[in-house]
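Below: one structure, written as C-alpha cells.
The values are calculated or read from the model by the stated rules, or taken from the named source; none is laboratory data. Nothing here was measured: the structure is a model prediction, and the numbers come from that model. When we count neighbours, we look across all protein chains shown, and the Cβ atoms used for this are built from the backbone with ideal geometry, even at glycine.
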Amino acid sequence: MVQMTDAAIGSLGAFAPLPPLRTPEDILSDALPVMDPPSRITVTDAAERYIRVQAQGAWQSYDRSVTPYMVEPSDITQSRRFKTVVFVGPSQSGKTMMLQTTALHAPICDPNPILIVHMSKSDRDKWVEEKLNPLIQNSPVIRDRLGRARDDDTFSRKRFRGMRLTIGYPTPTMLSGGTYKMVLFTDYDHHPAVLGGKDNPEGTPYRMGLQRVKSYLSRGLVLVESSPAYQVIDPSWRPSPTAPHEMPPVGGGIVPLYNQGTRARWH
C-alpha cells in the first residue's frame, strides 16, 4: 500500500499501487487467440490432453478407459446432427465429469458462451467450490485461459479468454434470457418439473433451455444428465420387441427425453 501525506491537510488516504502498463504488443498477443478457428478435436481427446482429474489423492491426466461408456455421449455433443444429448445413468458413474469435460472443451477448442444449470443455488455454489474450481486450477492450460480480474472467477461465472461460462440454477429468469451455444443440465430429475408460477407456467427447464441455443442453429445443443428419480407409472409395462431399449413410462424428468431419442445403451 502507498501512504500519501500533505503537511497542510494531513493524510490523503491509502491505495494500492497501479499495475504495470501493458504494451500494445501485449494486448494484441492476448487478443489473437480469440480469432483462432475451432479446433477439430473431440471432447474426449481434448480432455486427455488438457484436463487433469483427482484420482487416489493425486491429480492425473484424464483417462477415457475409466468410463468408456462416456466417450460417445461426450463426443456427440460436437455433432451438428443432434440437438440434444441425454444421458441416463446411476449415481457416481461419471456423469458430472462428462458435463465438465464438455463445458471445458469450449475455452480450449471452440470459445462460445456456455450455460451450466445446477439443481439449486446452494448446490451450485458447493459444486463450483468442490468440483469445478479444483479441476480448473489443476489443469494448467485451462487455468491459463481464465481471466485474472476479480469478477472473472466467481460462483456464477467463469470468464475465459474469448468466452464466458455461466453457472446457474433453474429459474425462469435464468432460462428466459441469454444466448448460448450449449446449455448443460446436471441432475435433471431434481429440477422443478415446470418453471414459472402456478397461473403462468413457462415450460420445463429442458424446453426453455432449448430456446437459448436456437441462435446457433445446428451448432447449438442441450446436454441433459441425471439418474432417474421419478416413479414408474405402470409397473406392468414391458418393452415392445421393436423398441427393446425403451424405458418405462414415468411422470417426468429425464426418462421421457431419453425415450424420444435414439435410446442407445452401453453393453
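Name the pairs whose Cβ atoms lie under 9 Å apart, with the first residue in the range 200-223 and among the small types (Gly, Ala, Ser), the second at pLDDT 95 or above and assigned to a helix (DSSP H, G or I), and 6 or more positions between them or separate chains?
Sorted first by the residue in the range 200-223, then by its partner, the pairs are Gly203/Gln211; Gly220/Leu210; Gly220/Arg212; Gly220/Lys214.
Is it the case that some residue within the range 70-77 is crowded, with 17+ Cβ neighbours inside 10 Å, touching a Leu at 6+ places or on another chain (Cβ under 9 Å) and within 28 Å of Ser29 (Cβ to Cβ)?
no
Identify, by number, the condition in (1) buried (at least 21 other Cβ atoms within 10 Å of the Cβ); (2) aliphatic (A, V, I, L, M); (3) part of a helix (DSSP H, G or I); (4) in contact with a strand residue (DSSP E or B) (Cβ under 7 Å, 6 or more places away or on another chain) that Val85 doesn't meet.
Going through the list (1) buried (at least 21 other Cβ atoms within 10 Å of the Cβ); (2) aliphatic (A, V, I, L, M); (3) part of a helix (DSSP H, G or I); (4) in contact with a strand residue (DSSP E or B) (Cβ under 7 Å, 6 or more places away or on another chain), Val85 breaks only (3).
Give Ser120, Ser91, Ser65 a once-over and let me know the one that is closer than 25 Å to Leu146 by Cα and small (Gly, Ala, Ser).
On inspection, the qualifying residue turns out to be Ser120.
May I ask you to verify whether Asp110 is at pLDDT 95 or above and among the acidic types (Asp, Glu)?
no
Residue check: is Arg80 part of a loop (DSSP other than H, G, I, E, B) and closer than 30 Å to Gly253 by Cα?
Here the answer is yes, as Arg80 does meet what is asked.
Please find, within the range 191-219, the residue that is farthest from Lys121 (Cα to Cα) out of those that are surrounded by fewer than 20 Cβ atoms within 10 Å (Cβ to Cβ) and in contact with a Lys or Arg (Cβ under 8 Å, 6 or more places away or on another chain).
Top of the filtered list is Ser218.
Take the residues in the range 132-174 that are within 18 Å of Ile27 (Cα to Cα) and of a type in the set (D, E, K, R); name whichever of them is surrounded by the fewest Cβ atoms within 10 Å (Cβ to Cβ).
Arg148
Only strands (runs of 3 or more DSSP E) wholly contained in the range 131-231 count here; list those with 1 or more residues that are under 19 Å from Gly253 (Cβ atoms) and among the hydrophobic types (A, V, I, L, M, F, W, C).
Because the criterion is at least 1 residues that are under 19 Å from Gly253 (Cβ atoms) and among the hydrophobic types (A, V, I, L, M, F, W, C), the strands (runs of 3 or more DSSP E) in the range 131-231 that meet it are 182-186, 221-226.
Could you run through the range 140-161 and say how many residues are modelled with pLDDT under 95 and of a type in the set (Gly, Ala, Ser)?
2
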